[in-house]
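The values are calculated or read from the model by the stated rules, or taken from the named source; none is laboratory data. Model, not experiment: these values are computed from the prediction. Positions of Cβ are backbone-derived with ideal geometry, glycine not excepted, and every protein chain shown enters the neighbour counts. SASA here: full protein model, heavy atoms, side chains in, ligands and nucleic acids out. Shrake-Rupley method; radii C 1.70, N 1.55, O 1.52, S 1.80 Å.
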Amino acid sequence: MAPVSRLGGRALAALLPDLRALPGPVYSALSDAVTALVLDGRVVTETRLPSERELAVALQVSRATVTAAYDALRSRGYLASRTGSGSYVTLPAGSHPRPSLARWVSSDAADDMIDLSCAALPAPPGVLAPAIAAAADALGPYTRADGYDPAGLAVLRVAVADRFTGRGVPTSADQVLITSGALHSLDLLLRLIAGPGDRVLTDLPAYPGALDAIRANGARVVPVPLAGGAGWQIDQVTATLRQTAPRLAYLIPDFHNPTGALMDADARRAVLRTARQTGTTVVIDESFVGLGFEPDERPCAAIDPSVICIGSLSKPVWGGLRIGWIRASAEVISRLAALRASIDLGGAVLDQLVAAELFGRLDEIFATRLAELRPQRDALVAALARELPQWRTNVPRGGLSLWLELDAPLSTPLTLMALPAGVAIVPGSRFGVDGTLERFLRLPYSLPVERLNEAVRRLAGVWAQLDRSGAPHRQLVVA
Ligand SMILES: Cc1ncc(COP(=O)(O)O)c(C=O)c1O
């Protein structure tokens, strides 16, 4: 297997702490620091590390120091060497990817459970019932045809297309396919575009459902680390595109899940330009567009119309609607419709009529959502600063969650101990690949302020009980 990307000496040096400030000999500080980068997901598995000589120059240490550090990494199972392909990052034998759990709520759960395992909201009050009534009234004529339409009802395709056009992305109804949610949209695109073994570039951390969908389609995840809430390291994204020429790139540039980061216009242009050069199809997940505490950025499809956009009503309105869409060229949409016909023949007509009704109220729904979310976000940030000041976070610019850096890589033990204490959360490793990102945690601010305050109080209690000694090595054996 060839390494998926290469980290140069200077790039690795930039990720490392001051080795001389760490206890012990420099070689062991170097091997510990690289181990931490791997476990945190900042250096992903299958990355080729710089040669010993190159890293020694970048760090201004002797080559023998780097050789000893690489030997230590190799003996602990974090580095493998193959003739002709250098030394690349791996994980010790016996460690394996986290189980694919969508939710961490289990029978251990306390009665008064605070569920922060999902970044989603309940349906807004007073919105669904009138839309359902109006949809029922409109249903009659549809029942006189067979009701199968794999591309979706014209009235909803028009509503979606008009919304794109209103955002500065001229779109006709034949460029829209209606799906059962954004995840279904991604799965259809993967089936159409990415064959088994193809590379798919993603953010790291990434939305776990997308990682699962990519793997389920037999494709291979090529993750590019974000700098937490500070967002994309665009040079790394473009370098990885160039080095790996992935078949597809899946990005969430608008209020990213889980970090809430927003990609600026220059970065969008740079990524899209490079993807064009490498022949990579770009899929932009717009699930959180409109859910920002600051204005949306220019849509990627306005910068490059060949970009494929996916989105849904799940985040602004309700996940239970299961209504999403794909915006692509009319030709790609026809192919997707043909593919979709072989899977489920199309979406439910009544549900699509409900969705079409809701589109008329979307601006009002977004405004109400944001008015609720802002104080919740602020309350969660304040509660964390008060109760767990040793955890670090950015104030997210939008979306539904905070991405936290813990002061020890114990996200999974914290998750497991939080359940009986009455808080359901998802560990950072669920947003990474191969069990990395154990030092991180996502916390949604999707609940009322008093529940968020109570959740943080409970988490602080659990964190105080965790034994953090020897933490970096323990996370790999947590089931
Ligand atoms: C970025 C992102 N994409 C897609 C989805 C799935 O959305 P849907 O319910 O529309 O399938 C989610 C849900 O959390 C998400 O966060």
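Listing for the model above:
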{"item": "Residues with amide H under 5 Å from that of Gln233, placed H, sequence gap 5 or more", "result": "Ala227"}
{"item": "Phi to ³J(HN,Hα) by Karplus 6.51 cos²θ - 1.76 cosθ + 1.60 over the stretch 295-303, Hz, x for Gly, Pro", "result": "x, 4, 7, 4, x, 4, 5, 7, 7"}
{"item": "Diffusion coefficient, µm² s⁻¹, Stokes-Einstein with Kirkwood Rh over alpha-carbon pairs of the chain at 20 °C and 1.002 mPa s", "result": "91"}
{"item": "Estimated FRET transfer efficiency when R0 is 30 angstrom, pair Ser62-Ala230 (beta carbons, to 0.05)", "result": "0.35"}
{"item": "Net lengthening on full extension, Ser75/Arg53 (0.36 nm per residue, minus Cα-Cα)", "result": "5.9 nm"}
{"item": "Per-bin percent of Cα-Cα distances, the stretch 5-89 [10 Å]", "result": "19, 61, 20, 1"}
{"item": "Whole-percent carbon and sulfur share, accessible surface of the chain, 1.4 Å", "result": "54"}
{"item": "Ordering of 289-302, 358-371 by burial proxy (mean other Cβ atoms within 10 Å per residue, highest first)", "result": "289-302, 358-371"}
{"item": "0 to 90° range, to nearest 10: angle between helix 26-40 axis and the chain longest Cα axis", "result": "10"}
{"item": "Calculated Rg and Dmax of the stretch 238-282 using C-alpha coordinates, Å", "result": "10.8, 29"}
{"item": "Accessible area per residue, Å², the stretch 229-373 with all protein chains present, probe 1.4 Å", "result": "35"}
{"item": "Contour excess over end-to-end distance, with Cα ends at Leu362 and Leu350 and 0.36 nm allotted per residue", "result": "2.5 nm"}
{"item": "Within the chain: Cβ-based charge dipole about Cα centre, in debye rounded to nearest 20 (Lys, Arg +1; Asp, Glu -1)", "result": "1300"}
{"item": "Farthest positive-ward along the stretch 211-335 dipole, Cα basis, beta-carbon charges - from Ala230, Met263, Thr244", "result": "Thr244"}
